[in-house]
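Okay, so here's the structure we're looking at.
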Amino acid sequence: APRSILGLELLAEPVAIVLGAEGEGISRLVSERLDVTARIPMRPGVDSLNASVAGAVAMFEVARMRRWIS
């Protein structure tokens, strides 16, 4: 099951952010090759983010964890 991106420790290892189609997600073949799957926690009433926004949020969170930004 996907874990919250806020609880991951992505401090040193290389990271690849994989985004799926907005309606269908990622394929089973891709999913089977991933070490970790993550979700972006959202406020009640927000059903989803489009792929570009989700990617930006994920990249920001990785950069924040690695202290590339303050």
- Item | Charge dipole (debye, nearest 20) of the chain; +1 at Cβ of Lys and Arg, -1 at Cβ of Asp and Glu | 220
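Could you work out the per residue convex hull volume over the alpha carbons of region 3-65, in cubic angstrom?
Numbers: hull volume 5.9 nm³, N = 63.
Looking at region 3-65, the number lands at 94 Å³ per residue.
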- Task: List, in order, the whole-Hz ³J(HN,Hα) value for each residue of region 26-32 obtained from phi through the Karplus relation with A = 6.51, B = -1.76, C = 1.60 and θ = phi - 60°; use x for Gly and Pro.
- Result: 9, 6, 4, 4, 5, 4, 5
- Message: List the residues, sorted by chain then number, that are 5 or more residues from Ala38 or on another chain and whose placed amide H is less than 5 Å from its amide H.
- Response: Arg3
- Residue by residue, what Karplus-based ³J(HN,Hα) values in Hz, rounded to whole numbers, does region 48-63 have, using 6.51, -1.76 and 1.60 with θ = phi - 60° and x for Gly and Pro? 6, 10, 6, 4, 5, 5, 4, x, 5, 4, 5, 5, 4, 5, 4, 4
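A short reminder: the numbers here are calculations on the coordinates, not readings from a lab. Model, not experiment: these values are computed from the prediction. Quick reminder, even Gly has a Cβ in these numbers, built from the backbone with ideal geometry, and neighbours come from all protein chains shown.
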